[in-house]
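The values are calculated or read from the model by the stated rules, or taken from the named source; none is laboratory data. Quick caveat, the model's predicted, so the values are computed rather than measured. Glycine also receives a Cβ, built like all others from the backbone with ideal geometry; neighbour counts cover every protein chain displayed.
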Amino acid sequence: MDPKVVADTLWVLITAMLVFFMNLGFACVETGFCRSKNAVNILSKNFIVFAISTIGFWILGFGLMFGNGSSLWGAEGLWFLGGADNSPATADAYKGAYASLNWTGVPLLAKFFFQLVFAGTAATIVSGAVAERIKYFSFIVFSLVLTAVIYPVIGHWIWGGGWLASKGFLDFAGSTQVHSIGGWAALTGILVLGPRIGKYNKDGSANAIPGHNLALGLIGCFVLWLGWFGFNPGSTMAADVDAISRICITTNTAAAFAMVTSTLTSVLLIGKPDLGMTINGCLAGLVAITAPCAFVSVGSSAIIGAIAGVLVVLAVIGFDKVKVDDPVGATSVHLVNGIFGTLCVGLFAESQWMPNKASGLFFGGGWTQFSTQLLGVLAVGATVFVVSLVAWLLIKAVMGLRVSVQEEIEGLDIGEHGNSAYPDFVVRKSLPMSGSMMTAAEPARR
Amino acid sequence: MRKIEAVIRPEKLDDVRKAIEAVGYPGITITEAEGHGKQKGVVQQWRGETYRVEFLPKIKLEIIVGDADVEQIVQAIIKAAKTGSVGDGKIFVSDVRDVIKIRTGERGDAAL
């Protein structure tokens, strides 16, 4: 066996396993940032969503995304990974149904696993944004639609040789493909569901609904950070030593700078270094560097991270003000910084790391790449917004989307699952959002 | 007979119990309580919004003693429970009309 194929396959599979582990990270962050009465429900959603992604992406998603076809979607080898394939042959030696992945010299199932864990990530982003009020089975149906249809079709445009790829749109590890898609789907879910009971008062002011376990939140953040060392460096899909080393460091540097700037922004705007904001800041830096990680210098990654850390705090506060109730900040982290990171390719990219491409605006390449990036952001944004909005509304019409008022007050753990995450803990009664405040804020619900 | 009710910091319960044991007391009942004084709780923040936790956890202890023992127990509680910061709590002393020991039926001072 060719040693390069062995090394590349090991690299792809190990980094894919790291990305798989990010499911735990999302489960921990989201559970910790929500109330204990909904912990079982959030854990359940984050757990089963990977099963749903596996099924959806195997049945249809992979073929739709990477199968040879039109510029809009894949058509060959559509179902159950069933197309002809002679991987790990590459380039012109490759003969098969998934030619858009002929640049990586690993077996088809390694390609599938790596792409599957990415699709799973996009689906799990939605979970936190719609938490504490969505019906369990309605969420599962949406996850299936997202991973089997929405994610793969956009993925065909960007990574499957479709029209955005032809235009030169660059999204190395998925600031748009994974994070913005997840973010747009999350935003439309929030808009259809409306805010949680008790989040807004009659006069429109917002209440804090504190999460029940910041320790769990921080564990989740560290798990995600670790996973990102698979997410970004793994997207080379080859053990290219220079590239994976640099991407590892651009990824880490962006996270570090974003943590510092989000903490400082939190001090300036709120008064104290809020740990929840530092956690969101770390994740925002990671999301922002995801698209440009392979194309920018370590110095540029520091600037990108630093800006991302400020953006995420402003976004959390801004979304709260316009009554987009996102319990965990998924839209601020994944949508806002997914867009920002994608645009950063057009600003900070350097041609030394991009064969046959012009640099970004700040490195003498002019506006060309930036305008292509902007086109991609707008096209993907508009499409995912409309399609996911329709999907949410259909699910709402057919099976209902939101749990009953009583169930929401008592917690989804008992209502949806008949479980309790902490059955022998004494519940503290003195936090806000209990009893009278909930009923007082009831009219604010959409 | 008097009832001494003291609302103290939960973390001071051990110190207070040891202090009144040194003085001597007939018996004690404690309750986990929540409440606030003039500060009306504490303000906390969560991701950009602030919120007030109005009721803080406290321990309420009740001791019934003869009139002569009130002052030394009160002083012992003060000494053990005081930190000098807001939230140290309060002590209430009130009259008790009667005490009945359920097992023997004894009443008044004999029942203490």
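Here is how the numbers come out for the structure above:
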item	result
All positions within segment A:346-360 that are surrounded by fewer than 16 Cβ atoms within 10 Å (Cβ to Cβ) and part of a helix (DSSP H, G or I)	A:352
Filter result for the condition that a residue is surrounded by fewer than 24 Cβ atoms within 10 Å (Cβ to Cβ), touching a residue at least 12 places away in the same chain (Cβ under 8 Å) and more than 14 Å from chain B (Cβ to nearest Cβ), over A:291, A:306	A:306
Whichever residue in segment A:211-243 is assigned to a loop (DSSP other than H, G, I, E, B) and within 14 Å of another protein chain (Cβ to nearest Cβ) and, among such residues, is farthest from residue A:275 (Cα to Cα)	A:212
Residue match in segment A:105-116 (condition: touching a residue at least 60 places away in the same chain (Cβ under 8 Å), in a loop (DSSP other than H, G, I, E, B) and under 18 Å from residue A:161 (Cα atoms))	yes
Positions within segment A:244-277 being among the polar types (S, T, N, Q) and either within 13 Å of chain B (Cβ to nearest Cβ) or out of contact with any Phe, Trp or Tyr (no Cβ under 6 Å at 6 or more places or on another chain) (or both), in sequence order	A:245, A:250, A:252, A:253, A:261, A:262, A:263, A:265, A:266
Hey, residue A:197 surrounded by 24 or more Cβ atoms within 10 Å (Cβ to Cβ), more than 14 Å from chain B (Cβ to nearest Cβ) and of a type in the set (A, V, I, L, M) or not	no
Residues satisfying the stated conditions in segment A:295-330, i.e. polar (S, T, N, Q) and part of a loop (DSSP other than H, G, I, E, B)	A:297
Residues that are over 23 Å from residue A:274 (Cβ atoms), aliphatic (A, V, I, L, M) and surrounded by 24 or more Cβ atoms within 10 Å (Cβ to Cβ), drawn from segment A:244-258	A:247
Number of the exception - residue A:280 against (1) of a type in the set (S, T, N, Q); (2) more than 14 Å from every other protein chain (Cβ to nearest Cβ); (3) over 17 Å from residue A:350 (Cα atoms)	(2)
Residue check for residue B:109: closer than 24 Å to residue B:23 by Cα, away from chain A (no Cβ under 14 Å) and either at pLDDT 95 or above or surrounded by 14 or more Cβ atoms within 10 Å (Cβ to Cβ) (or both)	no
Residue in segment A:76-128 that is farthest from residue A:2 (Cα to Cα), counting only those that are surrounded by fewer than 15 Cβ atoms within 10 Å (Cβ to Cβ) and among the aliphatic types (A, V, I, L, M)	A:84
Only listed residue being under 30 Å from residue B:52 (Cβ atoms) and either assigned to a helix (DSSP H, G or I) or more than 28 Å from the chain's Cα centre (by Cα) (or both), chosen from A:407, A:416	A:407
Subset tally (residues that are in contact (Cβ under 8 Å) with a residue 60 or more places away in the chain and either in contact with a strand residue (DSSP E or B) (Cβ under 8 Å, 6 or more places away or on another chain) or surrounded by fewer than 19 Cβ atoms within 10 Å (Cβ to Cβ) (or both)) for segment A:388-407	9
Test: residue in segment A:306-321 that is closer than 18 Å to residue A:206 by Cα and among the small types (Gly, Ala, Ser)	yes
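A quick yes/no check of all residues on (1) more than 29 Å from residue A:276 (Cα to Cα); (2) in contact with a Phe, Trp or Tyr (Cβ under 7 Å, 6 or more places away or on another chain):
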| position | (1), (2) |
| --- | --- |
| B:2 | yes, no |
| B:5 | yes, yes |
| B:20 | yes, no |
| B:40 | no, no |
| B:56 | no, no |
| B:65 | yes, yes |
